[in-house]
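Participant: Here it is, the structure in full.
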């Protein structure tokens, strides 16, 4: 692999189609006196079934990068493909539909709907996509069991620990069977024991379910469980040895 920061960071063999392909991504923001360039011609390809961790100093642009990769924000320049589908040219409605079909998101805070049970929270994206109620409930129960929370299905978020709520958030993100799971500091608000359980869950998704997972994190333990680690520095990605 080339260590040239200008080169595309390719983490796959030539025979596999990437889950994500980003080329020439630039993103800047207006600041007093000019613009702050956060992403500087960044290139990245990620194969299916990989757990990739992206690390970097606070303020290096990790969350900005994840938002661009997840189509929550648009780059100033560059192209993005998700599962072989080009994002450029899509309007907001089309991007929303693409996110619902292809992507799952987990953030530092779980963002569960407080008035609904864990099961209902996991069902929600399926119901919004028009899935049958009983099918959605069956899928939600299966996912909650897989994250070790079958006995907590009828509990609302206020009755769950932080680690339990975050695992519900992972189950909800997986409900539509996304091709790519994006996680932004998913264990940043958890104690050590809860964080380690979440890390094991995310690792097992890639290894046992062939789920592609991209995580931005400050947590060295979580990064250490990834298949590959990249560092975001000065707007570009480089491999971590």
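Participant: Between the helical axis of 192-209 and the dominant principal axis of the chain, each derived from Cα atoms, what acute angle in degrees is found, rounded to the nearest 10?
Facilitator: Approximately 80 degrees, to the nearest ten.
Participant: Moving to a separate point now. Pick the calculated Rg and Dmax of the Cα atoms in Å for this structure from (1) 17.8, 56; (2) 19.2, 69; (3) 16.2, 49?
Facilitator: (1)
Participant: Does anyone have the angle between helix 162-174 and the longest principal axis of the chain? Alpha-carbon axes, 0 to 90°, nearest 10?
Facilitator: 80 degrees
Participant: Next up: Run the numbers on the chain and let me know its relative contact order in percent, using alpha-carbon pairs under 8 Å that are six or more apart.
Facilitator: Contact order relative to length: 29 percent.
Participant: Have a look at the DSSP beta bridges in the range 9-239 and tell me what percent are antiparallel, nearest 5.
Facilitator: Details: 22 of 41 bridges.
Roughly 55 percent of the beta bridges in the range 9-239 run antiparallel, per DSSP.
Participant: Please give the helix 118-128 orientation as an angle from the longest Cα principal axis of the chain, in degrees from 0 to 90, rounded to the nearest 10.
Facilitator: The helix 118-128 is inclined about 60 degrees to the chain.
Bear in mind that the values in this text are calculations on the coordinates, not laboratory data. The model shown is predicted, which means the values in this text are computed figures rather than measured ones.
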